[in-house]
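Have a look at the structure below before the remarks.
The values are calculated or read from the model by the stated rules, or taken from the named source; none is laboratory data. Every value quoted in this text rests on a predicted model; they were computed, and no experiment measured them. Here the Cβ is made from the backbone with ideal geometry for all residues, glycine too, and neighbour counts use every protein chain on show. Accessible surface areas use protein heavy atoms only, side chains included; no ligands, DNA or RNA. Shrake-Rupley method; radii C 1.70, N 1.55, O 1.52, S 1.80 Å.
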Amino acid sequence: MKATGFFLGGVFVVLIGWPLIGMIFEIYGFFLLFRGFFPMVVGFIRRVPVLGSLLNLPGIRSFVDKVGESNNMV
């Protein structure tokens, strides 16, 4: 409910004329909605030849490891 509220609230805020604030709400709601799916996406991208090597670069690897870990059961 929280994720859907932020996403749809962001759409409403954009429609009333505050696009930057609305887009921030939408992005936050999007990440809340699909946070259970991100570990699967990261695992798939790591198996793609060129993209997998990019994700293993030192600066990117720590961020991708944090996004790719799943602490909750969906």
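Here are the numbers:
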quantity	calculated
Net lengthening on full extension, M1/V14 (0.36 nm per residue, minus Cα-Cα)	2.7 nm
The chain - Rg (one decimal) and Dmax (whole number), Cα, Å	15.4, 44
Between 0 and 90°, nearest 10: helix 38-47 axis offset from the chain longest Cα axis	40
Whole-number accessible area per residue in Å² for region 1-72, which is evaluated in the context of all protein chains at 1.4 Å	77
For the chain, size of Cβ-based charge dipole, Lys and Arg +1, Asp and Glu -1, in debye	180
Phi to ³J(HN,Hα) by Karplus 6.51 cos²θ - 1.76 cosθ + 1.60 over region 5-13, Hz, x for Gly, Pro	x, 5, 5, 5, x, x, 4, 4, 5
Heavy-atom accessible area order for M1, M23, largest first, 1.4 Å probe	M1, M23
From phi via Karplus (6.51, -1.76, 1.60), per-residue ³J(HN,Hα) for region 53-61 in Hz, x at Gly/Pro	5, 5, 6, 8, 5, x, x, 7, 4
